[in-house]
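Below: one structure, written as structure tokens.
The values are calculated or read from the model by the stated rules, or taken from the named source; none is laboratory data. Note that the structure is a prediction, hence the values are computed from the model and not measured. Cβ: placed from backbone, ideal geometry, glycine included. Neighbour counts: every protein chain shown. Calculation scope for accessible area: heavy atoms of the full protein, side chains included, ligands and nucleic acids excluded. Shrake-Rupley method; radii C 1.70, N 1.55, O 1.52, S 1.80 Å.
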Amino acid sequence: MLALSIAATVAAAVWAYLVVGHGGYWRASQWLPQITGEPGRWPDVVAVVPARNEAAILPATLPALLGQDYPGPLSVILVDDGSTDGTAEVAARLGHASTRTLRVVAGTPPPKAPEPPEAAEPPEPEAAEPPEAPEPEAPVPPDAAGRWAGKVWAMAQGLRAAGIPAGSDPGRAGRAAPGCGYVLFTDADIAWEPGALRALVAAAEGDDRDLVSQMALLRTATGWERVVVPAFVYFFAQLYPFRRVNTPGSRTAAAAGGCMLVRRGALERSGGVAPIRGALIDDVAIGRMIKDQRGRCWLGLSRQVVSVRPYPGLASLWQMVARSAYTQLNYSPLLLAGTIIGLLFSYALPPVAAITGLTLLATGTTTAPAALAAGAGLAGWALMSLSYLPMLRLYRLSPLRAPGLPLIALLYAAMTVDSARRHYAGRGAEWRGRTNRTRLR
């Protein structure tokens, strides 16, 4: 009991730090800043939409993107990433009904990584001759530097169609005129309120941001969605506190893949998305790429950018989490072990200590360790529940769900372990009919 009481006290101290000092990740306070005034000239925006077998969902989302109330030039490039359900035909039909320009690009398979050169036989000794001047080495195409992840390759094809080829000269830093335009990366399942893009561009221009990203409001229509989805956003914010992402000079970098508005000049300086070609978690990788060039990033929440993708049961939600959880840990068994231990210590220990201590006190075993375990466990559990309330409020769910966060954390721990199991079984990163084991870069 003494060990349990000490551990519970440490866990309560951890939660005190998380609530007070971890970037306010739990407050759900980062919303798109309200900019006074609008740009004198609205820049060009090209939206890039990777789509793979999205024929059923496009009618609910693509018209909203094409119908944005945006005063400047807006065009949409949809990259059909090897669909087999008629995605390209559905998109083309929807585009014909819009006054905006929609271009449907037929995606090609990612280029294969080059085979390592075979060891050459040692040459026969010859008479010494004066060395010749070495010929200049040809630049290595970015495609050959490593294997492309499927979605990132689709994004690269969209950028190429927009005039930003993968692997354009990274030395072009500073040559692109500021404010020359933006690329909007979005997903096929994202529904846009009419003024959402206008607000994004106004914020990027008014606050001089190279990347403005909003976490789409995910669907919570089913019972399991209401259990898993708010915690998904909560844990993401705990990993990447939004306020730290938004602080210039901070090393914390992230973005939300459903809505990423990136300054065109920043993409040209990096050579498109070639630096993150192997990233399975493309949004976080883009955030890091922009911050690596000292770009200014902003990440926040939204009610105007909404994901309409349904997750009807636990199996589909499990797949959503497990496909990339081990990737997030960089395929490290040590990080996996540390993560599971951390989840158990931070989330499971406080309620276990509280219930154990209260049970002993109720049965007449009134000892100092039992009282300490009960008090520290209740304190950690209460702080944990308090930190979950703003996320529940965002999704308009009952605050009575907050004390159940430890059980949800255990569910996520199981998903993470299963993600590692899938990786070692050769089924890592399965998504929409594709299996990709490319390492996170």
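Quick check: anything in the stretch 277-297 surrounded by 21 or more Cβ atoms within 10 Å (Cβ to Cβ), touching a residue at least 24 places away in the same chain (Cβ under 8 Å), of a type in the set (Gly, Ala, Ser) and on the phi > 0 side of the Ramachandran plot?
No; the residues of the stretch 277-297 include none that is surrounded by 21 or more Cβ atoms within 10 Å (Cβ to Cβ), touching a residue at least 24 places away in the same chain (Cβ under 8 Å), of a type in the set (Gly, Ala, Ser) and on the phi > 0 side of the Ramachandran plot.
Please enumerate the residues belonging to the stretch 33-51 that are open to solvent by 30 Å² or more (accessible area, probe 1.4 Å) and within 22 Å of Met215 (Cβ to Cβ).
Within the stretch 33-51, Pro33, Gln34, Ile35 qualify.
Looking at Tyr388, Tyr395, Tyr412, which is the one that is touching a Ser or Thr at 6+ places or on another chain (Cβ under 8 Å), in contact (Cβ under 8 Å) with a residue 40 or more places away in the chain and closer than 30 Å to Gln304 by Cβ?
Numbers: Tyr388 fails: touching a Ser or Thr at 6+ places or on another chain (Cβ under 8 Å); Tyr412 fails: touching a Ser or Thr at 6+ places or on another chain (Cβ under 8 Å).
The match here is Tyr395.
Kindly check whether there is at least one residue in the stretch 144-152 that is modelled with pLDDT of 95 or more and not in a loop (DSSP other than H, G, I, E, B). Even if it seems obvious, please write down each step before you answer.
Within the stretch 144-152, the subset modelled with pLDDT of 95 or more is none.
Scanning the stretch 144-152, I find no residue that is modelled with pLDDT of 95 or more and not in a loop (DSSP other than H, G, I, E, B), so the answer is no.
State which residue pairs qualify: first residue without any contact (Cβ under 8 Å) to a residue 60 or more places away in the chain and inside the stretch 184-200, second residue surrounded by fewer than 22 Cβ atoms within 10 Å (Cβ to Cβ) and not in a strand (DSSP E or B) in any location, beta carbons under 6 Å apart, and separation of 6 or more residues or different chains.
none
Regarding the stretch 284-293, can at least one residue be identified that is of a type in the set (A, V, I, L, M), modelled with pLDDT of 95 or more and over 27 Å from Ala420 (Cβ atoms)?
Yes, the conditions are met somewhere in the stretch 284-293.
Cβ-Cβ below 6 Å, separation at least six or inter-chain, first residue in the stretch 317-331 and outside any helix (DSSP H, G or I), second open to solvent by 20 Å² or more (accessible area, probe 1.4 Å) and modelled with pLDDT of 90 or more: which pairs?
Leu329/Leu335; Leu329/Leu336
Return yes or no: is Arg244 at pLDDT 95 or above, out of contact with any strand residue (DSSP E or B) (no Cβ under 8 Å at 6 or more places or on another chain) and either part of a helix (DSSP H, G or I) or open to solvent by 10 Å² or more (accessible area, probe 1.4 Å) (or both)?
For Arg244, the condition - at pLDDT 95 or above, out of contact with any strand residue (DSSP E or B) (no Cβ under 8 Å at 6 or more places or on another chain) and either part of a helix (DSSP H, G or I) or open to solvent by 10 Å² or more (accessible area, probe 1.4 Å) (or both) - is met.
Which numbered condition in (1) open to solvent by less than 10 Å² (accessible area, probe 1.4 Å); (2) assigned to a helix (DSSP H, G or I) is the only one that Ile355 fails?
(1)
Results for (1) of a type in the set (Val, Ile, Thr); (2) crowded, with 23+ Cβ neighbours inside 10 Å, shown as yes or no for each residue.
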position	(1), (2)
Ala203	no, no
Gly206	no, no
Thr220	yes, no
Trp224	no, no
Val228	yes, yes
Val233	yes, no
Phe236	no, no
Leu239	no, no
Thr252	yes, no
